[in-house]
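The block underneath contains the structure these notes are about, expressed in structure tokens.
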Amino acid sequence: MAIINNLALSMGGGIISLKQQAKQAENTVSILIGLGGTGVDCIREIKTQVYSRIEPDGGEDATVARYRHIRFLGVDADNANVSQDANPEDKKIAETLSLSGDEVFTLAGSGVKFGADGVRQVGRFLLMSKAADFMTKLKILILDAKIGLESPKVVVHIFSGMGGGTGSGTFLDVCYMVREILKGENKAYTCGYFFMPDVNVSHVRTERVKEYIRVNGYAAMQELDYCMNLEKNLGKFMQEYTGGTFIEWNRSPVDFCHLISARDNNGNVREDAYNYAMKVTSEY
């Protein structure tokens, strides 16, 4: 049967071949968090694939695509990164679904117009200033996604570039905030998908931007390397956030850590490496 694109569920319509769609994971809540421009690009790509490939709630009886137990949250200091109406010169992925208003958490305040501007310390400061609101948002999102399930498994996937200002500056705090929120769950897992600096370097032309991507990426990778081995080096992550929440963990920031590079097995940068990284992560 031919599928008319503007009538497909993936485009907000009501017609699609359900025979080609996979079943949703049973009794499982999946939360996908994208940090910064790169992380948001990735969850937009994944959202597009979910709406195209995964059977919606209600199965064959569904008239509108809804996924109560699969949720997306884009966290950025630049609203343009979560919209389909961005400047075409930006690194947006073509033909991906945008995030809806309730799938966005904006870090920028009224006095911030250009996000973290490549400064990871600014990215972290912006998160710290809204930490209580962010954790509340995430708690409500998880609770709402669990409705209709009985003691479900909760899996949180965190996607972030390591070289930008927002993602590089916030990924570690967000990982441990998620850990703190999930500590009361019986079955919970966290997965991190971290895009190496070469993914972004391959996609920009400005030397200044390439330089801060490399610097940010080096610092972020040092942090990730240390914290993934906290149990061995007997270290701890400790931080007090707005609202009085104090987080203290002596475990790694995520249960499963994935590093995504722009290079192939021979060490060569792939053609169209940025979009390749988005696609291969989405497929995985």
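A compact table of results
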read-out: Subset of segment 229-284 [in contact with a Lys or Arg (Cβ under 8 Å, 6 or more places away or on another chain) and of a type in the set (Phe, Trp, Tyr)]; value: TRP249, TYR274, TYR276
read-out: Checking GLY165 against (1) crowded, with 23+ Cβ neighbours inside 10 Å; (2) free of Cβ contacts under 8 Å to residues at least 40 places away in the same chain, the condition it does not meet; value: (2)
read-out: Selected residue (criterion: least open to solvent (accessible area, probe 1.4 Å)) from residues of segment 54-73 that are among the charged types (D, E, K, R) and more than 19 Å from the chain's Cα centre (by Cα); value: GLU55
read-out: Qualifying residue in segment 74-93 (condition: surrounded by fewer than 22 Cβ atoms within 10 Å (Cβ to Cβ) and at pLDDT 90 or above); value: no
read-out: Pairs, first in contact (Cβ under 8 Å) with a residue 12 or more places away in the chain in segment 200-213, second part of a loop (DSSP other than H, G, I, E, B) and surrounded by 10 or more Cβ atoms within 10 Å (Cβ to Cβ), C-beta under 6 Å, six or more apart; value: ASN200/GLY163; SER202/ALA262; HIS203/LYS91; TYR212/GLY118; ILE213/GLY163
read-out: Test: residue in segment 249-256 that is within 19 Å of ASP173 (Cβ to Cβ), open to solvent by less than 90 Å² (accessible area, probe 1.4 Å), without any contact (Cβ under 8 Å) to a residue 60 or more places away in the chain and of a type outside the set (D, E, K, R); value: yes
read-out: Options PHE134, PHE125: the member that is of a type in the set (Phe, Trp, Tyr), touching a strand residue (DSSP E or B) at 6+ places or on another chain (Cβ under 9 Å) and free of Cβ contacts under 8 Å to residues at least 60 places away in the same chain; value: PHE134
read-out: Filter pass, GLY243 being closer than 24 Å to LEU107 by Cβ and either open to solvent by less than 40 Å² (accessible area, probe 1.4 Å) or charged (D, E, K, R) (or both); value: no
read-out: Complete set of residues in segment 169-200 that are in a helix (DSSP H, G or I) and either under 16 Å from SER261 (Cβ atoms) or among the basic types (Lys, Arg) (or both); value: ARG179, PRO197, ASP198, VAL199, ASN200
read-out: Criterion: within 25 Å of GLN121 (Cβ to Cβ), out of contact with any helix residue (DSSP H, G or I) (no Cβ under 8 Å at 6 or more places or on another chain) and assigned to a helix (DSSP H, G or I) - qualifying residue of TYR212, TYR218, TYR276; value: TYR212
read-out: Residue list for segment 221-237, restricted to those being open to solvent by 40 Å² or more (accessible area, probe 1.4 Å) and not in a loop (DSSP other than H, G, I, E, B); value: MET221, GLN222, GLU223, ASP225, TYR226, GLU231, LYS232, ASN233
read-out: Top-ranked residue in segment 261-273 [being within 23 Å of the chain's Cα centre (by Cα) and open to solvent by 20 Å² or more (accessible area, probe 1.4 Å); ranked as nearest to SER168 (Cα to Cα)]; value: SER261
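Each row is one residue, and each column tells you yes or no for (1) in contact with a helix residue (DSSP H, G or I) (Cβ under 7 Å, 6 or more places away or on another chain); (2) surrounded by 16 or more Cβ atoms within 10 Å (Cβ to Cβ).
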site	(1), (2)
LEU126	no, yes
LYS183	no, no
ASN186	no, no
VAL199	yes, yes
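The values are calculated or read from the model by the stated rules, or taken from the named source; none is laboratory data. All of these numbers come straight from a predicted model, not from anything done at the bench. Please note: Cβ atoms are built from the backbone with ideal geometry, for glycine as well, and neighbour counts cover all protein chains shown. Just the protein is used for accessible areas: all its heavy atoms, side chains included, with ligands, DNA and RNA removed. Shrake-Rupley method; radii C 1.70, N 1.55, O 1.52, S 1.80 Å.
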